[in-house]
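Colleague: Quick one: the structure is below, questions incoming.
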Amino acid sequence: MVPIEIIKKCKTFKMFPDKLIEEIASIGFPVVYKANEMLFNIDDPANNLAVLMKGRVDIMTTKRTQIVPVHTVMPGEAFALSSMISGRFPSAAKTVEDSEVCSLPVEKMNKILEKDYKAGFYFMKQIAILVSSRLIKIHYQLDVTGSGYI
């Protein structure tokens with residue numbers, strides 16, 4: 001279990017009723033990472049949604065042989081979004097500094113979201129907004145690093 005405040009502060013869950021927030025906090029478990037530690041790599045299985053509690057995490061992609069950072073996750077932000085969509089990571093994540101992450105198992109998240117379809121719809125809409133904005137950042141970052149893509 002993680003503190004309820006962690007889930008309440010995350011924008012992705014801001015419209016959730018308190019009961020769902022409590023349930024989500026009850027399935028969350030903290031994971032501690034050292035600076036420069038990989039959380040996941042491209043094409044790894046994605047089984048947990050994550051909320052950053054402390055530290056910073058870089059989301060990265062590749063372009064040929066280059067690793068291109070596309071987003072820095074700050075405390076209170078959700079990441080590992082692909083866990084709720086495809087079940088595999090299209091990007092990698094690495095800590096910038098010592099960090100603590102709230103991991104939320106996807107299977108348990110789905111069961112909670114099935115209890116309140118309105119909250120589930122809002123949640124997936126927030127995920128879509130985050131994914132879309134990060135795709136735009138990826139496109140821009142790849143364009144800045146020169147012509148040609150992966």
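Every number in this text was worked out from the coordinates using simple rules, so none of it is lab data. All figures in this text were calculated on a predicted structure; none of them were measured in a lab. Here Cβ is always computed from backbone atoms with ideal geometry, including for glycine, and neighbour counts include all displayed protein chains.
Colleague: What residues qualify as long-range amide H neighbours of residue 89, i.e. H under 5 Å apart, gap of 5 or more or another chain, H built at 1.01 Å from N?
Modeller: Amide H neighbours of residue 89, under 5 Å, 5+ apart: 43, 44, 46.
Colleague: For the chain, give the magnitude of the charge dipole about the Cα centre (Cβ charges: +1 Lys/Arg, -1 Asp/Glu; no others), in debye to the nearest 20.
Modeller: It works out to roughly 340 debye.
Colleague: In the structure shown, do any of 34/54; 9/108; 9/118 have a Cα-Cα gap over 18 Å, and if so which?
Modeller: Result: 9/108; 9/118 exceed 18 Å.
Colleague: Please give me the summed charge of the neighbours of residue 116: other residues whose Cβ is under 13 Å from its Cβ, Lys and Arg +1, Asp and Glu -1.
Modeller: 0
Colleague: Follow-up. Can you tell me the 0 to 90 degree angle between the C-alpha axis of helix 117-144 and the longest principal axis of the chain, rounded to 10?
Modeller: 10 degrees
Colleague: Next question. Residue by residue, what Karplus-based ³J(HN,Hα) values in Hz, rounded to whole numbers, does the range 25-37 have, using 6.51, -1.76 and 1.60 with θ = phi - 60° and x for Gly and Pro?
Modeller: 4, 5, 8, x, 9, x, 10, 9, 10, 7, 4, 6, 8
Colleague: Given the DSSP H assignment, sum -39500 (n - 2.57) over each helix run of at least 4 residues in the chain and divide by its residue total; what's the result at 222 nm in deg cm²/dmol, nearest 500?
Modeller: Theoretical 222 nm ellipticity from helices: -11000 deg cm²/dmol.
Colleague: Tell me the label-point distance for the pair residue 97, residue 4, using the 7 Å Cα-to-Cβ offset, in nm and rounded to one decimal.
Modeller: So the label points at residue 97 and residue 4 sit 3.0 nm apart.
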